[in-house]
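What follows is a short report on a single structure.
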Amino acid sequence: MKQKTITLFDFVEGKSVQISREIARIEGDPNGPNLVFIGGMHGNEPTGVLALHRVMNELKPLQPLLKGNVYALSGNLNALERGERFIVKDLNRVWQPDMVERAKKRDYQPSEIINEVEEQIELWGYIDELMNNRKGKFIFVDLHTTSVKSVPFITMSDTIMNRGFARRIPVPVVIGIEEYLQEPLLSYVNDLGCISMAFEGGQHNDPESVRNHEAMIWLSLVTSKVIKKIEVPKFRKNYHHLMHSAEGNHKVFAINYRQNIEPHETFEMIPGFGNFQSIKANQLLAKLDGQPVLSPQKGLIFMPLYQKLGNDGFFIIEKIAKFWLGVSFIFRKLSLYRILRFLPGVKPFMETDHIMVVNTAIAKWYSKEILNLMGYRRKKKKGDITLYIRRKYDFKGPG
Ligand SMILES: [Zn+2]
């Protein structure tokens, strides 16, 4: 297959670089771990791609030392070329299992073939081929940036496997966002039993974001045991760079609240809010159709929307105490989710503990926290009834 190649401008080096779907493929051990990086899933976020291009060039001479395999891929190539988030559809919102199945079989009407369908077919074709031919475990790191100025951070599903990986990266970790985002690639591969996380390196097009992504790539290579720490040039420098960029914040946060924006509504954030900034209850945060939006609770503001596009106005997050992280680890280790069915308002669906049906009118005050703690995620909500699904792979992947 002839690969499409685009030209991106590396604004840190001040020169043009050629980028294809496969930015690099560096293999050291067919039975070792497989680390897959994706950059530019959103076309207006080129810094991850630029960082991958740079680090892979430095990694190539170290190939004989690799104990695993590295695949650096670009996401939405055509959108990257134009510098836009997407062409027709957000490529990071199309990964429900039946859509991946269709991409595999190329099962489309001619009228359905839009740019992102072609990108998905090619991207998944590449990953699927790897997964069928590599024995080792898979780790996915998806590199993004934000419209708002921010310290670097990780978002991920709260599995014990993901926690183990993220613990070694010195940036804040936000869990539970997949309950709000529609079908990102990372949720899909997480459900296949892979370790997966998104790394938000800073603001779009900020040279500092390139640097943060570079540090994250090196740390991921070591954390996934693809290369030993001592073999990595300037490991400590990269580690400290990320730690300083994150201002020493290596806490875990959960999302408590999301401000929705309907398509017909006009949303305007009050200027000056930064990511992870503390807010008080009843503080004025935004205007929705000209009406004041007050904070329903105290916490930290997360991803305030200062661009035109989007239906998430802002999130409110709260730190999870280490104590509760420990408790949930033990609860899951002991499979204590089996006692959930004895809580008022909670019952298993068709007698399986895999899916819980929660009547939030009865279990209003504790349901979400307890189910999240036990490794469930909210899947569907209709009126007072909410469905929670337990993640299949928590401590380890299949096989
Ligand atoms: Zn993004």
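The values are calculated or read from the model by the stated rules, or taken from the named source; none is laboratory data. Note that the structure is predicted; figures quoted are calculated from it, not measured. Note: ideal-geometry Cβ built from the backbone for every residue, glycine included; neighbour counts use all protein chains shown. In case anyone asks, the SASA skips ligands and DNA or RNA and just uses the protein heavy atoms, side chains included. Shrake-Rupley method; radii C 1.70, N 1.55, O 1.52, S 1.80 Å.
Would you be able to say whether some residue in the stretch 174-194 is open to solvent by 20 Å² or more (accessible area, probe 1.4 Å) and closer than 21 Å to residue 247 by Cα? Taking every residue of the stretch 174-194 in turn, none turns out to be open to solvent by 20 Å² or more (accessible area, probe 1.4 Å) and closer than 21 Å to residue 247 by Cα.
Can you find a residue in the stretch 218-226 that is open to solvent by 30 Å² or more (accessible area, probe 1.4 Å) and within 20 Å of residue 165 (Cα to Cα)?
Checked against the condition, which is being open to solvent by 30 Å² or more (accessible area, probe 1.4 Å) and within 20 Å of residue 165 (Cα to Cα), the stretch 218-226 yields at least one hit.
All conditions in (1) out of contact with any Pro (no Cβ under 9 Å at 6 or more places or on another chain); (2) more than 16 Å from the ligand (Cβ to nearest atom); (3) open to solvent by 60 Å² or more (accessible area, probe 1.4 Å); (4) at pLDDT 95 or above hold for residue 109, with the sole exception of (4). Checking the structure you have, find out if any residue of the stretch 194-205 is at pLDDT below 95 and within 14 Å of the chain's Cα centre (by Cα). Checking the stretch 194-205: not a single residue is at pLDDT below 95 and within 14 Å of the chain's Cα centre (by Cα). Of note, residue 278 satisfies the criterion of being within 25 Å of residue 156 (Cβ to Cβ) and assigned to a strand (DSSP E or B). The residue that is farthest from the ligand (Cβ to nearest atom), counting only those in the stretch 189-218 that are in contact with a helix residue (DSSP H, G or I) (Cβ under 6 Å, 6 or more places away or on another chain) and assigned to a helix (DSSP H, G or I), is 218. A search for C-beta distances below 8 Å between a residue of the stretch 237-260 that is in contact (Cβ under 8 Å) with a residue 24 or more places away in the chain and within 21 Å of residue 301 (Cα to Cα) and any residue that is open to solvent by 30 Å² or more (accessible area, probe 1.4 Å) and among the polar types (S, T, N, Q), counting only pairs 6+ apart in sequence or on different chains, returns 254/372; 256/297; 257/297; 260/311.
Scanning the stretch 63-102 for residues that are part of a loop (DSSP other than H, G, I, E, B), under 23 Å from residue 189 (Cα atoms) and modelled with pLDDT of 95 or more, we see that the one that is most open to solvent (accessible area, probe 1.4 Å) is 67.
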